[in-house]
1. Exposure proxy check: 132, 77, 247, 102 ranked by fewest other beta carbons within 10 Å?
2. Rounded to the nearest Å, what's the spacing between the alpha carbon centres of the stretch 72-92 and the stretch 30-53? Just the number, please.
3. Taking 45 Å as R0, compute the FRET efficiency from the Cβ-Cβ separation of residue 57 and residue 280 and round it to 0.05.
């Protein structure tokens with residue numbers, strides 16, 4: 001895929017065929033979503049991830065309570081919801097970084113219960129983080145090499161014999177350089193990763209994820225902290241993942257981004273899936289509006305109720321001021 005980030009919304013069949021690395025018919029996968037019910041937990045024609053009865057509790061708090069959800073293969077799915085909805089916790093469970101209290105989930109039909117995160121990644125399901133996890137004291141190219149799997153030189157004994165792994169390392173380096181060029185990071189090749197800007201770290205983390213040749217790429221708030229100049233570049237790269245036949249699942253609060261690149265949207269609120277569907281359909285769903293704004297946001301308030309709300313708010317302000325005054329004295 002060239003470094004140009006102006007990837008079209010509807011790539012031609014020639015473009016997809018030229019760069020498809022998974023063999024997934026992306027156009028067919030997107031069209032198949034037209035027949036999917038617009039209801040929470042809707043069955044998908046070709047799900048790559050299926051989760052049932054996932055519940056994650058922290059003491060008395062239930063952070064995730066997902067009855068059933070499926071992620072369609074070969075498309076971009078957005079996972080949205082208000083702060084505290086349980087999106088990142090659900091991400092952590094799916095990728096092996098956390099363990100649920102109950103539930104089962106699978107990737108390509110293979111159960112992931114009790115599978116550690118590093119093995120999940122080797123299976124082809126990789127993720128990035130809201131707070132980037134680059135190795136700050138390694139250079140950019142070294143960070144990229146770390147992302148490759150199955151390296152012969154990683155063993156204690158084999159590392160002592162360079163002829164056993166040198167040619168493979170050259171291949172890994174060539175692949176890393178190609179990805180750095182694609183993600184416009186070639187000029188930063190020998191810089192320490194810790195010297196990169198927030199947006200450049202996001203690009204590096206996404207590029208490093210591709211070193212493992214994943215089928216499913218999971219992005220946790222890829223636009224968080226990214227300046228506008230790099231935002232369009234990241235958008236183009238996310239679209240290019242789909243053009244290659246990869247599946248993308250991402251958490252995001254930027255609704256413009258969600259509308260722009262997602263084929264399907266899943267909405268979480270209070271740990272549960274409350275709505276699913278295409279972006280335009282979901283954005284106008286009353287359940288989604290209620291989840292973000294409150295179920296009674298559109299009801300008229302009487303003068304008495306409004307006065308009570310204002311009085312309670314003023315009482316909180318006064319109590320806070322009194323507390324600060326007492327603390328100073």
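1. Least crowded to most crowded, the residues run 102, 132, 77, 247.
2. 14 Å
3. With a Förster radius of 45 Å, E is 0.85.
Rule-based calculations on the coordinates, nothing more; no lab input. Worth saying up front: this structure is predicted, and the values here are computed from it rather than measured. Heads up, the Cβs are rebuilt from the backbone with ideal geometry, glycines too, and the neighbour counts pull from every protein chain shown.
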